[in-house]
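Nothing in this text is a laboratory measurement; each read-out follows from the coordinates by a stated rule. Note that the coordinates shown come from a computational prediction; the quantities given were computed from them, not determined experimentally. Here the Cβ positions follow ideal geometry from the backbone for every residue, glycine too, while neighbour counts run over all protein chains shown.
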Amino acid sequence: MRLITPDIPASCICLYGSSLTGQHQSGQHQHGMTRPVLSEAIINMKYVLRCSIFLLGLLLSAFAVYCQPVVYAASGTNIFISAGAVFSMDSLALTPTVNFNITGANTVTTNAALLHPSFNLPLKRIFHFSNTTAPFSGSIAIYYSDPELNGIAETSLTLNIHNGTSWNSFNSNVTRDAVNNLVNTSNLVNLSLNELTLAALFAPLPVKFLSVTALCKSNGVLISWQTATENNSNRFEVQQSSDGIYWRPGGSIAAAGNSPNPHSYEYFDITTSGNSWYRIVESDADNRTTISPVVKSSCHLSTGLSLFPNPVLETAYISIPLATTSPVTLKLYDARGALVKSEQRSLSPGTNLLTMNMHGVSAGWYTLTVIWNEETRQINILKQ
């Protein structure tokens, strides 16, 4: 089977129970430079299984910032790239010097934000493997558009690779082509690939995020984040998504500007329903941006959570329906935010009835925080 693509590479390749061997040729990019494109694939028909080709990504811009699939290999399959072949996928080109396999299940996606935080300011195009690959040796080329530079000087663009454990930058054997918007890094040896991008060489991010949380409340979600340092920061925008891919803008909060000390921020979202994903987008005075890690809230899952009686005299009963087993943490805070007591329990499938002894607790208002299955809920309690 022969696959012919236009100027941009095929956006998505889905493999089912077969081996894909890539052979490549060069095509002319829209700006006139030569860039590798996927031009031919030979499907191993030993087991006479299906191969489905999805070209929906060709309807999108080659430089779209949404998280979108580029290559997908199903479980039990592999993409085989022979030594010397150029394998191109959505502006990322791999040229191994030894045979290289991408084994399934594995999905390669493009994102505008890092999944693993880094101190180096990244390009607004990041490639992510859902499962870390076997070691790769060879060269890696990444194409980019000017709007994706994120304020980075093209002479400073450097390949950054997360190997599943940590980030590493590679500033040797680099060819930077600012005319054709290309950075090629060669002589790479035995590198596992989990996340790849171009980033500023030793340039710190304008903002370093310490934490981001989404806490379910009775009438919405409280999004909180803390920064360790801020350099030339201007504002924060809270973005919400119903699927973790497409994002809509929310509220905007002024940033600290320049500060070597931690700062805390909060935003309350009353528009959400069901599962929601949140991220914080920081914009600095130079129009560069830093995007926080993504957090998820699942407030609709805990509609069955209840506490009684309330007000309480001696014993509070907490009812939690659950489909699976899970540890649970109960934390009681007073009106000043001081921790009064903390307890660890275990939950079983079905409706769980937990008790909390309130004997000896002074009269007044308290907040009970319940944490289980990556979900956090709060209930106000009046102790009499």
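Observations on the structure shown:
- Estimated FRET transfer efficiency when R0 is 30 angstrom, pair residue 313-residue 346 (beta carbons, to 0.05): 0.65
- Neighbour counts of other Cβ atoms within 10 Å put 358, 89 in the fewest-to-most order 358, 89.
- Under the Karplus curve 6.51 cos²θ - 1.76 cosθ + 1.60, θ = phi - 60°, whole-Hz ³J(HN,Hα) for region 352-361, x wherever Gly or Pro sits: 9, 10, 9, 10, 10, 6, 9, 5, x, 7
- Packing-based exposure ordering (other Cβ within 10 Å, fewest first) of 162, 359, 116: 359, 116, 162
- Unit charges on C-beta of K, R, D, E only; dipole of region 207-299, Debye: 180
- Over 20 Å between alpha carbons, listed pairs 208/331; 208/341; 217/331; 124/296; 296/341: 208/331; 208/341; 124/296; 296/341
- Here region 304-383 carries DSSP beta bridges of which approximately 95% are antiparallel, counting only pairs with both residues inside.
- Local electrostatic count, residue 376, Cβ distance below 13 Å [Lys/Arg +1, Asp/Glu -1]: +2
- Look at 136, 170, 87, 308 and count the other Cβ atoms within 10 Å of each Cβ; fewest to most, that gives 308, 170, 136, 87.
- Local net charge near residue 150, Cβ-Cβ under 9 Å (Lys/Arg +1, Asp/Glu -1): +1
- What the Cβ-Cβ distance of residue 174 and residue 83 gives, at R0 = 22 Å and to the nearest 0.05, is a FRET efficiency of 0.55.
- Applying both filters, DSSP loop and at most 15 other Cβ atoms within 10 Å, to the chymotrypsin sites (Phe, Trp or Tyr not before Pro) of region 174-264 gives 246.
- Taking N as the residue count of region 304-383, its C-alpha radius of gyration divided by 2.2 N^0.38 Å amounts to 1.05.
- Sequence-distant residues sharing a close amide H with residue 137 (under 5 Å, placed H): 97, 98, 190, 191
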